[in-house]
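The values are calculated or read from the model by the stated rules, or taken from the named source; none is laboratory data. Quick caveat, the model's predicted, so the values are computed rather than measured. Note: ideal-geometry Cβ built from the backbone for every residue, glycine included; neighbour counts use all protein chains shown.
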Amino acid sequence: MNEKRIYDFFAARGMSPCGIYGLMGNLVDESGLNPRNLQNTYERKLGYTDDSYTEAVDSGQYGNFVRDAAGYGLAQWTYHTRKENLLNFARKRGTSVGDLDTQLAFMYGELQGYPKVFKALMSAVSVREASDTVLTKYERPADQSEGARRRRARYGEEIRSLLTGGGKKEEPAVTEWEARQKVVSAAVGWYGRKEADGSHRAIIDIYNGHAPLANGYRVKYTDSWCAAFASAAAIAAGCTDIIPTECSCGRMIGLFQKAGRWVEDDDHVPSAGDYIFYDWDDKGTGDCTGWPEHVGIVVSVCGNTVRVIEGNKDDAVGYREMAVNGRYIRGYGSPDYAAKAVRV
């Protein structure tokens with residue numbers, strides 16, 4: 001069943017359930033979730049069916065795939081540069097241009113080139129909102145009427161009902177990756193908040209509003225707030241059962257150690273959602289074991305580069321990039337996100 005395969009593909013990459021359903025509702029309207037779909041109005045014009053067109057493109061018998069202006073595949077790619085990119089992507093993988101997994105991988109990469117769409121799908125809490133974003137900013141068909149918007153969102157809701165057993169009152173499926181992304185999304189959502197305009201206060205308010213407060217201490221708006229920021233992300237994501245809340249970096253490390261979730265190895269390659277601690281007094285030789293002065297949350301890892309989101313970075317929420325085993329890394333808190341995974 002393509003619905004399940006498509007859902008599982010995007011869920012494994014951290015896309016929110018509502019984001020996936022909103023995207024899939026659009027794909028239903030575009031292609032019926034058929035990766036070999038040739039735009040219907042071009043079948044007679046070109047003299048091909050879905051399958052014969054795909055086979056002719058794969059074999060090289062038909063050489064005008066890029067420029068024929070016919071919509072093709074899950075998303076009905078039409079513009080010549082997008083079709084050329086899809087064709088080259090399939091050839092590089094050694095697969096058919098109509099292969100479902102190939103198109104999903106291509107679409108995931110392409111979506112990242114639409115930052116606002118990608119961000120919306122990763123954090124969406126409304127099928128309709130996600131569907132409208134895909135319609136107007138990714139698919140961009142001629143018909144963007146209210147009727148088209150309702151129809152595509154309805155398809156997304158129908159797929160949700162199909163995959164969740166008709167809307168039973170069970171806990172929604174959450175993968176380990178989705179649990180990690182909940183924490184990352186909460187932290188990234190505060191990017192740009194700063195002391196200068198007081199916008200950082202909302203983060204501290206989330207920390208102070210959680211009970212019990214670590215050591216009974218309410219963080220002041222003038223305090224250092226990197227650990228409060230990291231804790232607030234866990235609170236906002238509903239992950240305080242696996243992530244200790246603290247306003248002290250050193251005490252937070254102690255809690256990770258007590259839970260058996262501390263990674264001392266500086267050479268460790270972390271995953272999104274892991275907590276990275278720094279010691280600015282690190283001399284750069286041997287294993288750093290000094291007192292930590294700062295903490296952030298890993299957003300992504302690309303090759304040897306770790307991208308981190310931090311609170312109280314230059315008095316604001318900002319990003320930092322560190323090399324794996326880079327100087328100043330004290331170690332990592334590695335929450336047990338697998339414990340958050342549930343199945344319907």
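Some points to look at:
- Only one of the listed residues (Ala56, Ala70, Ala90) is at pLDDT 95 or above, assigned to a loop (DSSP other than H, G, I, E, B) and hydrophobic (A, V, I, L, M, F, W, C). That residue is Ala70.
- Checked against (1) in contact with a strand residue (DSSP E or B) (Cβ under 8 Å, 6 or more places away or on another chain); (2) modelled with pLDDT under 90, Ala179 passes all but a single condition, namely (1).
- In segment 60-67, the condition of being in contact with a Ser or Thr (Cβ under 9 Å, 6 or more places away or on another chain), surrounded by fewer than 21 Cβ atoms within 10 Å (Cβ to Cβ), β-branched (Val, Ile, Thr) and on the phi < 0 side of the Ramachandran plot is met by at least one residue.
- Cβ pairs under 7 Å, 6+ apart, first in segment 99-111 and among the acidic types (Asp, Glu), second part of a helix (DSSP H, G or I): Asp99/Ala90
- Any hit, segment 187-198, residues being surrounded by 12 or more Cβ atoms within 10 Å (Cβ to Cβ), under 22 Å from Asn26 (Cβ atoms) and either touching a residue at least 24 places away in the same chain (Cβ under 8 Å) or touching a Gly at 6+ places or on another chain (Cβ under 9 Å) (or both): no
- For segment 12-48, taking the residues that are part of a helix (DSSP H, G or I) and of a type in the set (Ser, Thr, Tyr), the one that is nearest to Pro115 (Cα to Cα) is identified as Tyr21.
- Residue list for segment 80-95, filter: surrounded by fewer than 17 Cβ atoms within 10 Å (Cβ to Cβ) and among the polar types (S, T, N, Q): Thr81, Asn88, Thr95
- Options Ser231, Ser248: the member that is in contact with a Cys (Cβ under 9 Å, 6 or more places away or on another chain), closer than 21 Å to Val308 by Cβ and among the polar types (S, T, N, Q): Ser231
- Qualifying strands (runs of 3 or more DSSP E) (wholly inside segment 227-344; at least 3 residues being without any contact (Cβ under 8 Å) to a residue 12 or more places away in the chain and in the same structural domain as Trp190 (by TED's automatic domain parsing)): none
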